[in-house]
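Shown next, in structure tokens, is the structure this report addresses.
The values are calculated or read from the model by the stated rules, or taken from the named source; none is laboratory data. Note that the structure is predicted; figures quoted are calculated from it, not measured. Every residue, glycine among them, receives a Cβ derived from its backbone with ideal geometry; neighbour counts consider all protein chains shown.
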Amino acid sequence: MAFAILETPLGPCAVEWGEAGVQRLTFGRDAELRRQRLAARGAAEAARLPRFVREAVGRLRKHLSGGPQDLAAVPLDFARASPPLRALADLLRATPSGATVEAGAFAARLGLAEAQLRRLLARNPLPVLLPGHRVLGPEGQLGAWGGGELLQERLLGLESMAHPPLHAGDGQPAAPRVEEALDSLRRRDPALGDVIQQVGPYRLSLRRGHSPYEALARSIVGQQISGRAAQAILARLASVFGTPGVPPPERIRQAPDGQLRAAGLSAGKARAFRDLAAHALAGQVPGWAALRRWPDERILATLTRIHGIGRWTVEMVLLFRLGRPDVLPLGDLGIRKGYARALGRGRLPSTRELQRRGWRWRPFRSVASWYLWRALELP
């Protein structure tokens, strides 16, 4: 057995391999401890990596950097693995990328007690490559098998990026992809399946036109007011600045507060508009071509740095402008009301309850969200 310590987007990683493939990955601070233990046992730290290890690490780095890869192509060496771990590996790799399974059902398929499954997952020697992050803990809990909730969310989000878009080039739903999504949702959540049956075909079409700067500006203007009031303010902005549509960022950046307030913007919205303009002029509002290549979390992290742009606003961009398949806006009141109605609850769900139920819907939470909105229109 040989090993090497390499840098990845998750920090240092100790990679161990045998003749047949990769045997173990250890990330972060534990990688150095692993090196010390291996050296104490007389294992050799390789100065030159075999080709399959170089290719495996290259795929891993690209995947963790937001360029989804087929990690099932990485050869693994289970020569030293126990029979239960080998059986677990086969089932994990057969679980669709971006999807999740509940620990209890997974344990039953393996013929194990749930406690045994938990121990196996906690000792997973190949995190990321052997996708234990696809297994949910008790009551939909994330991060139960090590690495934490944020890491599990990140890994599942990266996998969702690998799925083809739900929409064709014209912005209309693509029938084969939509059918795949609906089949998955009906199978994994019969209650949601009933809503799908009542509502009928999925009809979310992508909104066209407007640059990201213009789309975000319109979102700022429309916050907490009616659509008609927002259109009136946008018309006054165009009139005050003498420009068609949303005034360009250089004009907004230079405008006195009185000019913005005269168009009907509140002090908070004027500040947000100015900050958006500053980010746009600094090249920090990417175009659609760049945003289409970025994973959801990178888009969220980038755009929410703008004052007045919160997570919900960016989620609407992901859903209605980019057509991302796996977005569930937990803070949206309409979705919470639709959830309560669809599941026959007499109260609105907590964020945690909605999030946990939503893990069943991966990697098609956007489709589930649309049907929850439509549930409010049912008789």
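Miscellaneous remarks
- Scanning the stretch 293-305 for residues that are without any contact (Cβ under 8 Å) to a residue 40 or more places away in the chain and surrounded by 16 or more Cβ atoms within 10 Å (Cβ to Cβ) yields I299, L300, T302.
Yes or no, residue by residue, for (1) within 27 Å of the chain's Cα centre (by Cα); (2) under 23 Å from L120 (Cβ atoms):
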position: F3; (1), (2): no, yes
position: D30; (1), (2): yes, yes
position: L38; (1), (2): no, yes
position: V53; (1), (2): no, no
position: S65; (1), (2): yes, no
position: L76; (1), (2): yes, yes
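- The criterion of being over 13 Å from Y213 (Cβ atoms), among the basic types (K, R) and under 17 Å from the mean Cα position of the chain (by Cα) holds for R324.
- Qualifying residue in the stretch 221-240 (condition: over 30 Å from G344 (Cβ atoms), surrounded by fewer than 20 Cβ atoms within 10 Å (Cβ to Cβ) and among the charged types (D, E, K, R)): yes
- Helices (runs of 4 or more DSSP H) wholly inside the stretch 277-327 that include at least 2 residues being aromatic (F, W, Y): 311-320
- Filtered residue count, the stretch 265-276, keeping only those that are part of a helix (DSSP H, G or I) and crowded, with 16+ Cβ neighbours inside 10 Å: 8
Residue-wise test of (1) at pLDDT below 95; (2) surrounded by 20 or more Cβ atoms within 10 Å (Cβ to Cβ).
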{"residue": "L158", "(1), (2)": "yes, yes"}
{"residue": "A162", "(1), (2)": "yes, no"}
{"residue": "D170", "(1), (2)": "yes, no"}
{"residue": "P176", "(1), (2)": "yes, no"}
{"residue": "E180", "(1), (2)": "yes, no"}
{"residue": "G193", "(1), (2)": "no, no"}
{"residue": "G200", "(1), (2)": "no, no"}
{"residue": "R208", "(1), (2)": "yes, no"}
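- Selection status of R305, within 27 Å of L155 (Cβ to Cβ) and not aliphatic (A, V, I, L, M): yes
- Set A255, A267: member being modelled with pLDDT of 90 or more and of a type in the set (A, V, I, L, M): A267
- When L64 is tested against the conditions (1) touching a Pro at 6+ places or on another chain (Cβ under 7 Å); (2) surrounded by 17 or more Cβ atoms within 10 Å (Cβ to Cβ); (3) more than 25 Å from Q355 (Cβ to Cβ), the lone failure is (3).
- Near pairs, Cβ below 6 angstrom, 6+ apart or cross-chain, from the stretch 223-247 (farther than 24 Å from W312 by Cβ) to any residue that is of a type in the set (A, V, I, L, M) and assigned to a loop (DSSP other than H, G, I, E, B): R236/A263; V240/A263
- Residues (aromatic (F, W, Y) and either touching a Ser or Thr at 6+ places or on another chain (Cβ under 6 Å) or at pLDDT 90 or above (or both)) located in the stretch 17-65: W17, F52
- Boolean, L112 is in a helix (DSSP H, G or I) and either basic (K, R) or outside the structural domain of L185 (by TED's automatic domain parsing) (or both): no
- Number of the condition not met by Q69 [criteria: (1) modelled with pLDDT of 90 or more; (2) outside the structural domain of R154 (by TED's automatic domain parsing)]: (1)
- Residue identified as in contact with a helix residue (DSSP H, G or I) (Cβ under 8 Å, 6 or more places away or on another chain) and under 23 Å from S184 (Cβ atoms) among A105, A99, A73: A99
- Counting only residues that are in a helix (DSSP H, G or I) and either assigned by TED's automatic domain parsing to the domain that holds E55 or over 22 Å from G21 (Cα atoms) (or both), the stretch 87-107 holds 5 of them.
- Residue within the stretch 306-317 that is over 30 Å from E179 (Cβ atoms), small (G, A, S), surrounded by fewer than 17 Cβ atoms within 10 Å (Cβ to Cβ) and assigned by TED's automatic domain parsing to the domain that holds F273 present: yes
- Residue-level check: of (1) under 26 Å from A14 (Cα atoms); (2) assigned to a helix (DSSP H, G or I), R177 misses just (1).
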